[in-house]
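A short worksheet on the structure shown next.
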Amino acid sequence: MLLEVGRITKTHGVRGDVLVLLTTERTERLDPGSVLHTDRGDLTVVRSSPHMDRWIVHFEGLEVREQADAWRGVVLRAEAIDDDDELWVHELIGATVSLVDGSTVGTVTEVQANPASDLLVLDSGALVPLVFVTEHAEGAITIDPPDGLFDL
């Protein structure tokens, strides 16, 4: 499964470098040798460095500004990283959410970014901060929320 990890926003300089806006916190996606997939073909990272809120990236085969400019706006994708200690949005969507007593409270329809803690949006409209997740397995999430979270 390919996940969106960023987007090329514009060129940077005259030697084929581009600015990439990452949509992931996993900056290793831009390590030298990393291969990112696009609708136009694969791109291999030669070098990258942080630049304000983006990254300056040089991809193999993009050697002049005109070549790089043709990639403006292209979405970058990569394979999912297998890390059992992490919760991944693509694994949360569609999962059944249950309380620690086993009662089901809904299904995750989306995950909303929130400064304090990302929120699971349930099909009932309820919002559950990720900090209340105690267990997760394929297609199932167990939460231990405070009393009153589901009282509307």
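The values are calculated or read from the model by the stated rules, or taken from the named source; none is laboratory data. Values in this document were obtained by computation on a predicted structure and should not be read as measured data. Every residue, glycine among them, receives a Cβ derived from its backbone with ideal geometry; neighbour counts consider all protein chains shown.
So here's what we get for this one:
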{"item": "Test: residue in segment 72-79 that is outside any strand (DSSP E or B), surrounded by 13 or more Cβ atoms within 10 Å (Cβ to Cβ) and assigned by TED's automatic domain parsing to the domain that holds Val45", "result": "yes"}
{"item": "Unmet criterion (only one of (1) under 16 Å from Lys10 (Cβ atoms); (2) at pLDDT 95 or above) for Asp53", "result": "(2)"}
{"item": "Output for segment 128-152, where each listed residue is touching a residue at least 40 places away in the same chain (Cβ under 8 Å) and assigned to a loop (DSSP other than H, G, I, E, B)", "result": "Glu138, Gly139, Asp144, Pro145, Phe150"}
{"item": "Sole exception among (1) surrounded by fewer than 18 Cβ atoms within 10 Å (Cβ to Cβ); (2) not assigned by TED's automatic domain parsing to the domain that holds Leu130 for Gly94, by number", "result": "(2)"}
{"item": "Out of Ser48, Ser98, sole residue that is among the polar types (S, T, N, Q), within 26 Å of Val20 (Cα to Cα) and in a strand (DSSP E or B)", "result": "Ser48"}
{"item": "Residue within segment 14-21 that is without any contact (Cβ under 8 Å) to a residue 60 or more places away in the chain, on the phi < 0 side of the Ramachandran plot and not in a strand (DSSP E or B) present", "result": "yes"}
